[in-house]
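All remarks here apply to the structure that follows.
The values are calculated or read from the model by the stated rules, or taken from the named source; none is laboratory data. No experiment lies behind these values; they were computed from the predicted model shown. All Cβ positions, glycine included, derive from the backbone under ideal geometry; neighbour counts span all protein chains shown. Only protein heavy atoms, including side chains, enter the accessible area calculation; ligands, DNA and RNA are left aside. Shrake-Rupley method; radii C 1.70, N 1.55, O 1.52, S 1.80 Å.
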Amino acid sequence: MARISTEAKVPAITLGFWLIKILATTLGETGGDTVSMTWLGETTPDAGAAGLNGYLVGTLIFGAALALLVWLQIRASRFAPWLYWATIIASTTAGTTLADFATRSLGIGYSGGSLLLLACVLASLLVWYRSLGTIAADTVATPAAELYYWITITFSQTLGTALGDWVADAGAGYGGGALVFSAALGVVALLVWFTSASRVVLFWAAFILTRPLGATVGDFFDKPLASGGLEISRPLATALLTALIALLILVLPQRAGRHPEARAN
């Protein structure tokens with residue numbers, strides 16, 4: 001059997017990828033909060049007065065956008081940077097509002113929500129592995145692999161919101177939470193550079209950890225001063241992050257990842 005390289009439907013894992021991913025998860029927090037809290041008033045005294053739950057409405061809005069974008073992503077014939085990152089942003093905004101709905105409106109709390117969502121992430125990875133024999137991101141080139149990929153990502157984005165809020169509210173605060181998750185990512189980076197630990201496992205560990213990092217950074221930007229935030233306008237922070245992500249997509253090299261595919265001689 002000879003080995004050839006074929007393009008995956010996801011980007012190559014580079015420093016630029018991680019930079020945009022962290023910014024996208026931060027945008028997911030500010031964007032999700034903009035809709036559910038600022039526009040739908042979920043954290044105001046009038047929350048629920050109209051008979052609507054802002055977190056649930058936000059989840060339905062972003063969930064519909066996510067479903068459409070995942071469908072377009074699967075139908076695309078090759079890696080498309082703008083489509084890919086739009087889908088990532090949709091998954092992280094949907095994850096923000098869904099996690100807030102589960103932990104606050106359903107009352108299962110940050111700890112319960114985090115543990116439940118962690119179980120969902122692990123179950124998704126297990127089913128993916130048993131079905132296709134690998135969970136490596138650079139093998140995402142078929143509709144089945146893409147579907148597992150986006151399901152896992154959506155669970156991980158939702159988990160990150162609950163986990164970030166849990167750590168921040170447990171006493172670390174938003175700034176402290178950002179430092180905790182930055183340190184955890186640093187440990188993963190050291191394992192990549194200095195050990196032979198599974199790169200696939202380390203990729204998913206880093207992917208999951210970037211979400212609570214973005215969640216705590218996003219909350220640090222827009223939460224009130226009395227709560228330990230900077231009280232920057234959520235819509236303004238969202239607009240600035242969107243512009244920065246767009247700039248980085250234009251400036252940084254955007255190429256598809258490549259994976260080995262077996263074929264007969």
Rounded percent of accessible protein surface that carbon and sulfur make up, the stretch 140-262, 1.4 Å probe: 75
Built amide H within the under 5 Å cut-off of Ala8, gap 5+: Gly257, Arg258, His259
The stretch 62-169 pair-distance distribution - Cα-Cα, 10 Å bins, rounded %: 15, 42, 32, 10, 0
Among Leu252, Leu23, Leu147: highest mean-square fluctuation, GNM of the chain, C-alpha pairs under 10 Å: Leu252
Solvent-accessible area per residue for the stretch 182-265 (1.4 angstrom probe, square angstrom): 54
Among Leu117, Leu27, Leu83, residue whose mean-square fluctuation peaks in a GNM of the chain (springs only between Cα atoms under 10 Å): Leu83
Positive-end extreme of charge dipole, the chain - chosen from Val35, Val251, Leu185 (charges on Cβ): Val251
C-alpha long axis of helix 173-194 to longest principal axis of the chain, angle in °: 10
Additional length obtainable on full extension of the chain from Ala246 to Ala184, 0.36 nm per residue less Cα span: 19.6 nm
Rounded to 10°, Cα long-axis angle of helix 143-167 versus longest principal axis of the chain: 40
Helical mean residue ellipticity (222 nm; -39500 (n - 2.57) per DSSP H run of 4+; nearest 500) of the chain: -23000 deg cm²/dmol
Between helix 15-33 and the chain: long-axis angle, C-alpha atoms, 0 to 90°, nearest 10: 30
For the chain, built as a Gaussian network whose Cα springs stay under 10 Å, the top-fluctuating residue of Leu213, Leu56, Leu236: Leu236
Rounded to the nearest 20 debye, dipole of the chain from Cβ charges on Lys, Arg, Asp, Glu: 1060
Taking the convex hull of Cα positions in the chain, its mean projected area over all directions (nm²): 14.8
Cα-based Rg of the stretch 189-265 normalised by 2.2 N^0.38 Å, two decimals: 1.63
